[in-house]
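Values in this text are rule-based calculations from the coordinates and carry no lab data. Here the structure is a predicted model, which is why all the values come from computation and not from measurement. Here the Cβ positions follow ideal geometry from the backbone for every residue, glycine too, while neighbour counts run over all protein chains shown.
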Amino acid sequence: MKYPAIFFLLLSIYVSKVSFELGLGTLSKPGSGFISFWSGITLGLLTIMMVIQNTWLRQKGPTKEKKEKTKWKTVILALAALFACIFILEPLGFIVSSTLFVGFLFKGVEKKGWLVTIVASLLMTFISYYIFKVLLQAELPRGILGF
Amino acid sequence: MNGFSIALSFTNVMYCFIGCLLGTLVGVLPGIGPAAAIALLFPTAMRINPMGAMVMLAGLYYGAQYGGSTTSILLNIPGEATSVVTCLDGYQMARKGRAGPALGISAFGSFIGGTITIMGLVLFAPVLANAALKFGPAEFFSLTVMCMTMVTYVSRGSFIKALMMVPLGLILATVGMDPHTGTFRFTYGSLTLKDGLGIVPIVMGLFGISEVLINLGTPVQRIFFKTKIKELFPSLQDWKDSKFPILRGTLVGFVLGVLPGMGLSSPFLAYGLERRLSRHPEKFGTGIIEGVAAAETCNNAEAQAAFIPMLSLGIPANVIMAMLLGALMVNGITPGPLLLRDHPDLFWGLISSMYIGNIVLIVLNLPLIPLWVKILRIPYSYLFPAILVFCIIGSYSLNNNIGDVIVMAVFGVVGYLMKRYDFEAAPLVLALILGPLLEDNLRQALLISRGSFNIFLTRPISASFMIVSILILVFSLFRVRPKVKAADVS
């Protein structure tokens, strides 16, 4: 719980500082930073309470539940693919970026064969395109293909 | 009757059907919940009229409660969090070759529970809305505070961690332009942030993307119990055994569904109640129909009762209601006491559509069970790329803005880390949605009282909400919290 506590404490200090600069106003006329300032302070206090609670519980010797081992590589690969897809979405367009994204998930993450990868990624992209763009008239990035 | 004439129009029946169908599908598929599904459908729903959108999204929500039972009974994996208890007796019934009656009583129980609850909704929502017309900013502020504390009170794990999510949600809610002064807060020159953080990308990230990442990181082994599904219609004896559990399940679901945040624990309570009242409590968990009937009736009654505070007070009882509230607000409709007066067609049309939805669901559920079973066999490795692509499309098509997709992905990571470190997303989302309401009412109340916080304690209704909030906080800090899940089910 060390990293979340550090993160929330830093966040609470930062939010409180920025909110203070935004202006707290008066009690009869609260300013723009009023809610976020007090939310930041509350977040900080609760974080300290969480740290105290955890330290106290650890001293009492709690039985820590054993969590299942996480496949970090899979998670990171999927996330990296998602951010890469966002990065290329507008320049290359939906069809190209979605095909590449799904293809990577099938080949790089799920280790499927090339045939499955190519067929499934094309099929998934065109089905999504048909449902959202053609049937539901949603706007999707056109990119290099122009549609 | 006007409500029925609206709900029975061809387009609204179609939206209801689509919502119920998608809801059942979402309920059947573990790994995608109704929150993520509603988030996915949100941009599409915004393109149709508010009535159709609400009918479809509501159908998806209560449809998921129906569908959730299928995986609980056949796979011992709850499709929805509210179907956890159904696993206990439902799966055991399937092992004994009684999957049919278990699925049948789930569908019939859900139908009865849902229908009775809608009658309650018709009776209570207008009364509550009329009472709420007397509410001023102080009352609404206190009610919002009570709603937030109740949601954190019933959250799993550490109360402090759940409580921390409330100020975090409020901070996120302040991002964008201050409507009172026009000042930009936490925007850093970004156009996306200047409009405020969108609810949909955040919910998609917190519930959709994070769920995919969790499933990829720690895959769930699905053991499909092979059984022939026969005799979907429960026998006369099954009905005799189930009639009182169905009625009591409806009552528990109705009462707890109205209270913010209590919905998730209602099937556990209904199940615990049946076990205590039963002449043979030792048989619970071995595959008896009473256990399935109580839990399934209760979760559907709860899902529909949750509409009461949302429609009449503008206060969501859970995350899904918060999203539906958001859907109304995007359409320029403010839910709350004035909804019934200003938009009676929408109010009564939606309620009437729920009657129709319950009929659609029973028709969908029983004959289509073999189809749902087939869908259950789709490997997750083929599902998750589709969920991710839908999330990208959903968040982009909202405003045709890549910034929303980035927000969704960032909150996907945030949601994943929150789940890893046992922080709950529900209080955060609720605070994010209710944040503007809370801030606006606080400012107005303080303006009226010339800066005195006494306004929240001197007005009787506001004071009572505040007292409940304080009691919840005190009880929680002294660890007097409901342990129904562990105690009643073990």
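For this structure, a couple of remarks:
- Between the helical axis of B:266-277 and the longest alpha-carbon principal axis of chain B there is an angle of about 50 degrees.
- Peptide B:164-176 has a mean of 6 when you count, residue by residue, the C-beta atoms of other protein chains within 10 Å of its C-beta.
- Under 5 Å from the amide H of residue A:25 lie the amide H atoms of A:31, each residue being 5 or more positions distant or on a separate chain, with H modelled from the backbone and absent for Pro and chain starts.
- Here the simple spin-label model places points 7 Å from the Cα toward Cβ, and for residue B:133 and residue B:338 these points are separated by 1.3 nm.
- Two-site label geometry, residue B:188 and residue B:444: point separation in nm, points 7 Å out along Cα→Cβ: 3.3
- FRET efficiency, residue B:366 to residue A:123 (Cβ-Cβ, R0 25 Å, nearest 0.05): 0.20
- Summarising the label geometry, the points placed 7 Å from Cα in the beta-carbon direction at residue B:10 and residue B:374 lie 2.9 nm from one another.
- You can think of it this way: the chain between residue B:283 and residue B:240 has 13.8 nm of extra reach, that is 0.36 nm per residue less the Cα-Cα gap.
- Phi angles of the range B:83-96 translate, via the Karplus equation with coefficients 6.51, -1.76, 1.60 and θ = phi - 60°, into HN-Hα couplings of 9, 4, 5, 4, 4, 4, 9, x, 5, 5, 4, 4, 5, 8 Hz per residue; Gly and Pro are given as x.
- Helical mean residue ellipticity (222 nm; -39500 (n - 2.57) per DSSP H run of 4+; nearest 500) of chain A: -22000 deg cm²/dmol
- Nearest 10 degrees, 0 to 90: helix B:460-477 Cα axis against chain B principal axis: 60
- Basic side chains Lys and Arg get +1 at the Cβ, acidic Asp and Glu get -1 at the Cβ, and with that the dipole of the protein assembly as shown about its Cα centre reaches some 1760 debye.
- Test item: A:35-48 mean partner chain Cβ contacts at 10 Å: 6
- Chain B: angle of helix B:425-448 to the longest principal axis, Cα-based, in degrees nearest 10: 30
- Per residue of B:434-443, other chain Cβ atoms within 10 Å of the residue Cβ number 2 on average.
- Förster radius 25 Å - calculated FRET efficiency between residue A:20 and residue B:195 (Cβ-Cβ, nearest 0.05): 0.55
- Taking each DSSP H run with n ≥ 4 as -39500 (n - 2.57) and averaging over every residue of chain B yields -23500 deg cm²/dmol at 222 nm.
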